[in-house]
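Note sheet for the following structure.
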Amino acid sequence: MPTLRTRKASAARLAATALALALAAGLAGCGSAGKFGSKLTTGSIARTGSRPVETMSSAELRSESMALGRAYARNPTDKDLAIRFATVLQMDGDADQSLAVMRKLAIAYPKDRAVLAAYGKALAANGQLEPALDAVRRAQTPEYPDWRLASAEGAILDQLGQKDEARQLYRKALDLKPNEPSVLSNLGMSYVLDGDLRTAETYLRSATEQPGGDSRVRQNLALVVGLQGRFDEAERIASQELSPDQAQANIAYLRRMLSQQNAWSQLKAQGGNKPSATN
(Lines give C-alpha, C1' and ligand atoms only; values in the text may rest on other atoms or scores of the structure.)
Protein backbone atom coordinates (compact mmCIF):
# COMPACT_ATOMS: atom_id res chain seq x y z
CA MET A 1 0.00 0.00 0.00
CA PRO A 2 1.46 3.41 -0.93
CA THR A 3 2.72 5.52 1.95
CA LEU A 4 1.47 9.04 2.60
CA ARG A 5 4.75 10.41 1.24
CA THR A 6 4.40 8.34 -1.92
CA ARG A 7 0.82 9.50 -2.48
CA LYS A 8 1.82 13.12 -1.89
CA ALA A 9 4.73 12.86 -4.32
CA SER A 10 2.44 11.26 -6.89
CA ALA A 11 -0.10 14.05 -6.45
CA ALA A 12 2.62 16.65 -6.93
CA ARG A 13 3.80 14.91 -10.10
CA LEU A 14 0.28 14.66 -11.49
CA ALA A 15 -0.58 18.26 -10.64
CA ALA A 16 2.60 19.59 -12.20
CA THR A 17 2.18 17.60 -15.36
CA ALA A 18 -1.52 18.37 -15.70
CA LEU A 19 -0.71 22.06 -15.53
CA ALA A 20 2.11 21.63 -18.02
CA LEU A 21 -0.12 19.84 -20.51
CA ALA A 22 -2.89 22.40 -20.15
CA LEU A 23 -0.55 25.35 -20.56
CA ALA A 24 1.21 23.74 -23.49
CA ALA A 25 -2.14 23.30 -25.21
CA GLY A 26 -3.01 26.93 -24.64
CA LEU A 27 0.32 28.28 -25.90
CA ALA A 28 0.25 26.08 -28.95
CA GLY A 29 -3.31 27.06 -29.84
CA CYS A 30 -4.31 23.41 -29.94
CA GLY A 31 -7.84 22.18 -29.55
CA SER A 32 -11.00 24.17 -28.95
CA ALA A 33 -11.45 27.11 -26.64
CA GLY A 34 -13.15 24.72 -24.27
CA LYS A 35 -9.92 22.94 -23.29
CA PHE A 36 -8.52 23.82 -19.86
CA GLY A 37 -5.28 24.80 -21.58
CA SER A 38 -6.83 27.58 -23.63
CA LYS A 39 -7.87 29.33 -20.43
CA LEU A 40 -5.14 28.50 -17.91
CA THR A 41 -2.29 30.84 -17.23
CA THR A 42 -0.10 32.09 -14.48
CA GLY A 43 1.38 35.56 -14.61
CA SER A 44 -0.33 38.88 -15.10
CA ILE A 45 0.58 41.39 -17.78
CA ALA A 46 -2.03 43.84 -18.94
CA ARG A 47 -3.77 43.32 -22.26
CA THR A 48 -4.72 45.97 -24.73
CA GLY A 49 -7.85 46.16 -26.83
CA SER A 50 -11.50 46.21 -25.87
CA ARG A 51 -12.15 42.47 -25.68
CA PRO A 52 -9.96 40.01 -23.75
CA VAL A 53 -8.47 37.57 -26.22
CA GLU A 54 -8.92 34.58 -23.90
CA THR A 55 -12.69 34.83 -24.45
CA MET A 56 -12.33 34.30 -28.22
CA SER A 57 -12.85 31.06 -30.08
CA SER A 58 -10.19 29.71 -32.42
CA ALA A 59 -12.05 31.12 -35.43
CA GLU A 60 -12.39 34.52 -33.78
CA LEU A 61 -8.72 34.57 -32.93
CA ARG A 62 -7.77 33.80 -36.51
CA SER A 63 -10.06 36.54 -37.82
CA GLU A 64 -8.72 39.03 -35.27
CA SER A 65 -5.16 38.10 -36.14
CA MET A 66 -5.72 38.75 -39.84
CA ALA A 67 -7.41 42.11 -39.21
CA LEU A 68 -4.71 43.23 -36.79
CA GLY A 69 -2.00 42.03 -39.17
CA ARG A 70 -3.28 44.29 -41.91
CA ALA A 71 -3.44 47.26 -39.53
CA TYR A 72 0.01 46.46 -38.15
CA ALA A 73 1.52 46.37 -41.65
CA ARG A 74 0.35 49.95 -42.14
CA ASN A 75 1.60 51.19 -38.77
CA PRO A 76 4.05 48.83 -37.03
CA THR A 77 5.11 51.41 -34.42
CA ASP A 78 1.62 51.85 -32.95
CA LYS A 79 2.25 50.50 -29.43
CA ASP A 80 -1.26 49.44 -28.49
CA LEU A 81 -1.87 47.88 -31.88
CA ALA A 82 1.40 45.96 -31.88
CA ILE A 83 0.90 44.65 -28.34
CA ARG A 84 -2.63 43.56 -29.15
CA PHE A 85 -1.42 41.87 -32.35
CA ALA A 86 1.35 40.05 -30.48
CA THR A 87 -1.11 38.88 -27.82
CA VAL A 88 -3.56 37.53 -30.39
CA LEU A 89 -0.77 35.82 -32.31
CA GLN A 90 0.37 34.14 -29.10
CA MET A 91 -3.12 32.94 -28.24
CA ASP A 92 -3.55 31.72 -31.83
CA GLY A 93 -0.43 29.56 -31.49
CA ASP A 94 2.10 31.68 -33.36
CA ALA A 95 4.52 32.42 -30.52
CA ASP A 96 7.45 32.98 -32.91
CA GLN A 97 5.72 35.77 -34.84
CA SER A 98 4.41 37.23 -31.58
CA LEU A 99 7.97 37.50 -30.31
CA ALA A 100 9.15 39.02 -33.60
CA VAL A 101 6.50 41.74 -33.33
CA MET A 102 7.44 42.52 -29.74
CA ARG A 103 11.18 42.45 -30.39
CA LYS A 104 10.76 45.07 -33.12
CA LEU A 105 8.59 47.20 -30.83
CA ALA A 106 11.09 46.92 -27.97
CA ILE A 107 13.80 48.28 -30.28
CA ALA A 108 11.55 51.25 -31.11
CA TYR A 109 10.58 51.83 -27.44
CA PRO A 110 13.54 50.59 -25.36
CA LYS A 111 12.40 52.27 -22.12
CA ASP A 112 8.63 51.95 -22.34
CA ARG A 113 7.28 49.91 -19.41
CA ALA A 114 4.26 48.51 -21.22
CA VAL A 115 6.38 47.47 -24.20
CA LEU A 116 9.04 45.84 -22.01
CA ALA A 117 6.35 43.99 -20.06
CA ALA A 118 4.72 42.65 -23.21
CA TYR A 119 8.15 41.78 -24.63
CA GLY A 120 8.88 39.78 -21.48
CA LYS A 121 5.56 37.98 -21.90
CA ALA A 122 6.44 37.04 -25.48
CA LEU A 123 9.91 35.84 -24.46
CA ALA A 124 8.44 33.68 -21.69
CA ALA A 125 5.94 32.15 -24.10
CA ASN A 126 8.90 31.09 -26.24
CA GLY A 127 10.69 29.53 -23.30
CA GLN A 128 13.35 32.26 -23.13
CA LEU A 129 12.94 32.69 -19.40
CA GLU A 130 16.13 34.51 -18.45
CA PRO A 131 15.69 37.23 -21.11
CA ALA A 132 12.01 37.44 -20.13
CA LEU A 133 12.96 37.98 -16.51
CA ASP A 134 15.39 40.71 -17.53
CA ALA A 135 12.75 42.49 -19.62
CA VAL A 136 10.13 42.40 -16.87
CA ARG A 137 12.63 43.61 -14.27
CA ARG A 138 13.72 46.47 -16.52
CA ALA A 139 10.07 47.45 -16.90
CA GLN A 140 9.61 47.64 -13.13
CA THR A 141 10.58 50.81 -11.25
CA PRO A 142 11.19 50.65 -7.46
CA GLU A 143 9.69 54.10 -6.84
CA TYR A 144 6.48 53.25 -8.71
CA PRO A 145 6.13 49.46 -8.53
CA ASP A 146 3.51 47.84 -10.73
CA TRP A 147 1.61 44.87 -9.27
CA ARG A 148 1.18 43.33 -12.73
CA LEU A 149 4.93 43.26 -13.29
CA ALA A 150 5.56 41.82 -9.82
CA SER A 151 3.09 39.03 -10.57
CA ALA A 152 4.58 38.41 -14.00
CA GLU A 153 8.08 38.22 -12.53
CA GLY A 154 6.76 35.73 -9.99
CA ALA A 155 5.34 33.56 -12.76
CA ILE A 156 8.68 33.46 -14.55
CA LEU A 157 10.48 32.57 -11.33
CA ASP A 158 7.97 29.76 -10.78
CA GLN A 159 8.99 28.38 -14.16
CA LEU A 160 12.62 28.61 -13.12
CA GLY A 161 11.84 26.57 -10.01
CA GLN A 162 12.31 29.48 -7.60
CA LYS A 163 8.98 29.04 -5.84
CA ASP A 164 9.81 30.91 -2.63
CA GLU A 165 10.96 34.01 -4.50
CA ALA A 166 7.94 33.72 -6.80
CA ARG A 167 5.51 33.66 -3.89
CA GLN A 168 7.19 36.64 -2.28
CA LEU A 169 6.51 38.57 -5.48
CA TYR A 170 2.89 37.44 -5.63
CA ARG A 171 2.44 38.66 -2.06
CA LYS A 172 4.15 41.94 -2.94
CA ALA A 173 1.69 42.28 -5.81
CA LEU A 174 -1.17 41.65 -3.36
CA ASP A 175 0.20 44.36 -1.08
CA LEU A 176 0.05 46.75 -4.03
CA LYS A 177 -3.33 45.47 -5.24
CA PRO A 178 -5.15 43.74 -2.34
CA ASN A 179 -7.37 40.79 -3.25
CA GLU A 180 -6.55 41.08 -6.96
CA PRO A 181 -8.06 37.85 -8.37
CA SER A 182 -5.43 37.27 -11.05
CA VAL A 183 -2.64 37.40 -8.47
CA LEU A 184 -4.52 35.14 -6.05
CA SER A 185 -4.96 32.75 -8.96
CA ASN A 186 -1.24 32.88 -9.77
CA LEU A 187 -0.42 32.14 -6.15
CA GLY A 188 -2.83 29.24 -6.15
CA MET A 189 -1.34 27.78 -9.31
CA SER A 190 2.12 28.07 -7.76
CA TYR A 191 0.92 25.67 -5.07
CA VAL A 192 -0.48 23.37 -7.77
CA LEU A 193 3.08 22.95 -9.01
CA ASP A 194 4.04 21.90 -5.49
CA GLY A 195 1.25 19.32 -5.38
CA ASP A 196 -0.38 21.22 -2.50
CA LEU A 197 -3.86 21.12 -3.96
CA ARG A 198 -5.71 22.11 -0.78
CA THR A 199 -3.75 25.34 -0.41
CA ALA A 200 -4.11 25.97 -4.14
CA GLU A 201 -7.88 25.53 -3.89
CA THR A 202 -8.07 27.99 -0.98
CA TYR A 203 -6.39 30.74 -2.99
CA LEU A 204 -8.35 29.97 -6.13
CA ARG A 205 -11.69 29.99 -4.32
CA SER A 206 -10.77 33.35 -2.82
CA ALA A 207 -9.90 34.58 -6.31
CA THR A 208 -13.28 33.55 -7.71
CA GLU A 209 -15.05 35.45 -4.92
CA GLN A 210 -13.37 38.76 -5.76
CA PRO A 211 -14.85 41.34 -8.14
CA GLY A 212 -13.16 40.83 -11.47
CA GLY A 213 -12.52 37.12 -11.00
CA ASP A 214 -12.95 36.00 -14.59
CA SER A 215 -13.26 32.82 -16.60
CA ARG A 216 -9.55 32.02 -16.41
CA VAL A 217 -9.67 32.01 -12.61
CA ARG A 218 -12.73 29.75 -12.54
CA GLN A 219 -11.20 27.34 -15.04
CA ASN A 220 -8.07 27.15 -12.88
CA LEU A 221 -10.27 26.32 -9.88
CA ALA A 222 -12.09 23.68 -11.92
CA LEU A 223 -8.76 22.07 -12.79
CA VAL A 224 -7.61 21.97 -9.16
CA VAL A 225 -10.93 20.53 -7.98
CA GLY A 226 -10.77 17.94 -10.75
CA LEU A 227 -7.22 16.99 -9.85
CA GLN A 228 -8.56 16.05 -6.43
CA GLY A 229 -11.01 13.65 -8.06
CA ARG A 230 -14.15 15.78 -7.55
CA PHE A 231 -15.13 15.68 -11.20
CA ASP A 232 -18.81 16.53 -10.84
CA GLU A 233 -17.96 19.65 -8.84
CA ALA A 234 -15.24 20.58 -11.33
CA GLU A 235 -17.74 20.28 -14.18
CA ARG A 236 -20.21 22.53 -12.37
CA ILE A 237 -17.51 25.17 -11.92
CA ALA A 238 -16.41 24.91 -15.55
CA SER A 239 -19.98 25.13 -16.83
CA GLN A 240 -20.45 28.56 -15.25
CA GLU A 241 -18.44 29.98 -18.15
CA LEU A 242 -18.48 27.26 -20.78
CA SER A 243 -21.22 25.45 -22.62
CA PRO A 244 -22.24 22.09 -21.12
CA ASP A 245 -20.48 20.30 -23.98
CA GLN A 246 -17.24 22.25 -23.42
CA ALA A 247 -17.36 21.67 -19.65
CA GLN A 248 -17.89 17.94 -20.19
CA ALA A 249 -15.02 17.90 -22.70
CA ASN A 250 -12.75 19.57 -20.14
CA ILE A 251 -13.51 16.96 -17.50
CA ALA A 252 -13.12 14.11 -19.97
CA TYR A 253 -9.74 15.61 -20.94
CA LEU A 254 -8.70 15.76 -17.30
CA ARG A 255 -9.84 12.18 -16.66
CA ARG A 256 -7.74 11.00 -19.59
CA MET A 257 -4.69 12.83 -18.22
CA LEU A 258 -5.20 11.27 -14.81
CA SER A 259 -5.14 7.84 -16.43
CA GLN A 260 -1.83 8.48 -18.21
CA GLN A 261 0.64 8.74 -15.35
CA ASN A 262 3.46 7.05 -17.22
CA ALA A 263 3.18 9.48 -20.13
CA TRP A 264 3.12 12.34 -17.63
CA SER A 265 6.30 11.14 -15.96
CA GLN A 266 8.02 11.07 -19.34
CA LEU A 267 6.83 14.60 -20.09
CA LYS A 268 8.07 15.88 -16.74
CA ALA A 269 11.46 14.23 -17.31
CA GLN A 270 11.69 16.24 -20.53
CA GLY A 271 11.19 19.49 -18.60
CA GLY A 272 7.55 19.98 -19.49
CA ASN A 273 6.33 21.06 -16.05
CA LYS A 274 6.83 24.79 -16.43
CA PRO A 275 4.03 27.31 -16.05
CA SER A 276 3.58 30.25 -18.37
CA ALA A 277 3.96 33.94 -17.65
CA THR A 278 1.39 34.71 -20.29
CA ASN A 279 -2.03 36.07 -19.53
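The values are calculated or read from the model by the stated rules, or taken from the named source; none is laboratory data. Predicted model, so just to flag it, every value in this text is computed and none were measured. With ideal geometry, Cβ positions are generated from the backbone for all residues, glycine too; neighbour counts draw on all protein chains shown. Just so you know, the surface numbers come from the protein's heavy atoms only, side chains and all, with ligands and any DNA or RNA stripped out. Shrake-Rupley method; radii C 1.70, N 1.55, O 1.52, S 1.80 Å.
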Lone unmet requirement of (1) modelled with pLDDT under 75; (2) closer than 14 Å to S185 by Cβ; (3) surrounded by fewer than 20 Cβ atoms within 10 Å (Cβ to Cβ) for D214 | (1)
With respect to A86, determine if the residue is small (G, A, S), assigned to a helix (DSSP H, G or I), open to solvent by less than 30 Å² (accessible area, probe 1.4 Å) and closer than 24 Å to G154 by Cβ.
-> yes
(1) open to solvent by 20 Å² or more (accessible area, probe 1.4 Å); (2) assigned to a helix (DSSP H, G or I): which one isn't true of P110, the others all being true?
-> (2)
Residue match in segment 219-232 (condition: surrounded by 14 or more Cβ atoms within 10 Å (Cβ to Cβ), at pLDDT 80 or above and acidic (D, E)) = no
When both residues are 6+ apart or on different chains and their Cβ atoms are under 6 Å apart, which pairs have a first residue that lies in segment 149-176 and is farther than 16 Å from G120 by Cβ, and a second that is hydrophobic (A, V, I, L, M, F, W, C) and open to solvent by 20 Å² or more (accessible area, probe 1.4 Å)?
-> L176/W147
Scanning segment 156-178 residue by residue, those of a type in the set (K, R) and either open to solvent by less than 40 Å² (accessible area, probe 1.4 Å) or more than 24 Å from G212 (Cβ to Cβ) (or both) turn out to be K163, R167
Go through the residues of segment 262-275 one by one and say whether even a single one is open to solvent by less than 50 Å² (accessible area, probe 1.4 Å), among the small types (G, A, S), modelled with pLDDT of 70 or more and in a loop (DSSP other than H, G, I, E, B).
-> no
Could you give me the residue pairs with C-beta distances under 8 Å whose first residue belongs to segment 130-147 and is within 16 Å of M102 (Cβ to Cβ), whose second residue is part of a helix (DSSP H, G or I) and open to solvent by 30 Å² or more (accessible area, probe 1.4 Å) wherever it lies, and which are 6+ apart or on separate chains?
-> A135/Y119; A139/R113; A139/A114
Failed item in (1) open to solvent by less than 50 Å² (accessible area, probe 1.4 Å); (2) modelled with pLDDT under 95; (3) out of contact with any Lys or Arg (no Cβ under 8 Å at 6 or more places or on another chain), with Y144 passing the rest = (1)
Among E165, E143, which is assigned to a loop (DSSP other than H, G, I, E, B) and farther than 28 Å from G93 by Cα?
-> E143
Mind checking which residues of segment 179-194 are touching a residue at least 40 places away in the same chain (Cβ under 8 Å), open to solvent by less than 10 Å² (accessible area, probe 1.4 Å) and either under 20 Å from R230 (Cβ atoms) or among the basic types (K, R) (or both)?
-> S185, M189, V192
Single residue of E153, E130 found to be of a type in the set (D, E) and loosely packed, with under 15 Cβ neighbours inside 10 Å = E130
Does S98 fit the bill of being hydroxyl-bearing (S, T, Y) and touching an Asp or Glu at 6+ places or on another chain (Cβ under 7 Å)?
-> no
